[in-house]
Amino acid sequence: MSDPFLMACIAGIGLLGGLLALGLCLRRYEITIFLMGISPMISAMFVQHNLGYGAYQATTFGSYGRVSVVLLCGAAGLIKFFQMQNKQPEKMPLPLLVFGLYGLLALFSVSYSLDQQFTLIRSISFVSFICFLFGTYVWLDEAGKIHRLLSTLFYVVVTLVTANLLAAILISGHTWFRGLNRFCGLWGHPNIMGLFSLISYPVLCWKYYHSTAREKWLVLGVAAVLITMHVLTGSRSTVLTGVIGFSVWSIMMKRHVRLMSIMLFAGLGGIVLFQIFTPSAFKRGEGKESSITTLNGREEFWIATLVLIEEEPLLGYGYGIGGKVWEDPRFQGKSHLWAGSVRSSLHNGYLSKIVELGFVGFSMWFLVILYCLWHARRLPFPYVRAFVFATMSMLMVLNFVEEGISNGAKPGDLPFWIAFILVLKLVATLQSKPIESSYRDDQPGQFQPEWQEVSPAR
């Protein structure tokens, strides 16, 4: 059998498999959402761990697998969008259209990017992610699909928690970060494991209040495993923002007494524990410089980033180029963190967006998020409102010290942009036809088959 024939057979099988998967995604759109949710893990599972600081592995099979899944979900979203628009045309909200233009700007940045090949791959993946979001928006044409959407996110969380737990048991040597006392699971980095844990909490809180008594035990079990793994990561930023997220959830649900009691107990207990025994996983630096509060060189990153922004303020250096900017000779000879790789991080999501697409791109990206947060207060369903505010506030705070909001390649992206879509859809629905007040998202099983209009006679 010749190699060309073998490759043709493999390509044919892949094409048939892709068409079958696309059909399933269109038939049951929750499958599309689930696949998009687990796609970051597909890439992370094939990355070789323990390479050492400043070492980044070349593109692996997992990278191609993740991109393929994202392209599949994007195609499913685009087809779903045109199907629903053909069936019942719907005006797209302006923020979603602006976000689409942001994706086109990312594609345009290939022409001037510092790494054109990498920008092309990342921008195509990002545009596919946007197509998925457009499909999700039009798919949400019934109130009951809110429950199905958030339940699918719960299944994603359970799947990924189970995968990391099994990895910790079966291949424990590959789940700890570079020989240090920090758990990273299958994600390859403890901060990514912390990000996944962080973004899972609002999903688990929502599911807990929409479960039967028996199902609540499953949610509590998943939460216990997740919190344990989260603490073992030693990710200080995600632990702190997790506390912020819980506080926001409690405020949204108007449970101030419970919030103050738990925060007081946790605060005093945390202070005592960290004064007596500071876990080594939370320390940074060595010897006398070892500390739990150090920024670990991030402030140097940010100062250097401001210099680069001054030089290319309008359109930046290309979408998704990451730490590629550190290849500039001015930044060479520094520590291992200045690796000069597209896979390294600038450790500030806001500055990263400006470096990539300048103030033009950053303004488009940031304004649609602000619009979403401003209008989220109008959401009629308390648990959906709490989910949106907790999810978005946590990642926006985390984005000051990590790149918490990305292009669909990180575990926090799907819940964040799902929250964005929920706000746009519910606000648009309220403007066109007020939702019947009898619909309550805090009573499982009470979901109406369609959006209910308020009768003019009432």
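The values are calculated or read from the model by the stated rules, or taken from the named source; none is laboratory data. All values reported here derive from a predicted model rather than from experimental measurement. No Cβ is skipped: glycine too gets one built from the backbone with ideal geometry, and neighbour counts run over all protein chains shown.
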query: Is there a residue in the stretch 420-432 that is surrounded by fewer than 22 Cβ atoms within 10 Å (Cβ to Cβ), of a type in the set (Ser, Thr, Tyr) and either in contact (Cβ under 8 Å) with a residue 60 or more places away in the chain or more than 22 Å from residue 103 (Cβ to Cβ) (or both)?
result: yes
task: From the list 127, 157, pick out the single residue that is within 30 Å of residue 215 (Cα to Cα), β-branched (Val, Ile, Thr) and either at pLDDT 95 or above or in a helix (DSSP H, G or I) (or both).
output: 157
statement: Only one of (1) within 18 Å of residue 348 (Cβ to Cβ); (2) surrounded by fewer than 15 Cβ atoms within 10 Å (Cβ to Cβ); (3) at pLDDT 85 or above does not apply to residue 293, and that is (3)
- prompt: Can you tell me which of 213, 223, 163, 167 is farther than 19 Å from residue 34 by Cα and at pLDDT 90 or above?
  reply: 223
statement: Counted residues in the stretch 68-100 being more than 17 Å from residue 421 (Cβ to Cβ) and not polar (S, T, N, Q) come to 8
field: Neighbours by Cβ (under 7 Å, 6+ apart or cross-chain): first from the stretch 351-367, under 12 Å from residue 312 (Cα atoms); second outside any helix (DSSP H, G or I) and of a type in the set (Ser, Thr, Tyr)
entry: 355/317; 356/317; 356/319; 357/319
- line: The number of residues in the stretch 183-198 that are touching a residue at least 24 places away in the same chain (Cβ under 8 Å) and either at positive phi or surrounded by fewer than 22 Cβ atoms within 10 Å (Cβ to Cβ) (or both) is 2
- line: When the stretch 368-402 is checked residue by residue, the ones that are among the aromatic types (Phe, Trp, Tyr) and either under 24 Å from residue 299 (Cβ atoms) or in contact (Cβ under 8 Å) with a residue 12 or more places away in the chain (or both) are 371, 381, 383, 387, 389, 400
message: Against the condition in a helix (DSSP H, G or I) and in contact with a Ser or Thr (Cβ under 8 Å, 6 or more places away or on another chain), how does residue 138 come out, does it pass?
response: no
Failed item in (1) closer than 18 Å to residue 204 by Cα; (2) crowded, with 23+ Cβ neighbours inside 10 Å; (3) in contact with an Asp or Glu (Cβ under 8 Å, 6 or more places away or on another chain), with residue 381 passing the rest: (2)
message: Please count how many residues of the stretch 199-217 are in a helix (DSSP H, G or I) and buried (at least 16 other Cβ atoms within 10 Å of the Cβ).
response: 10
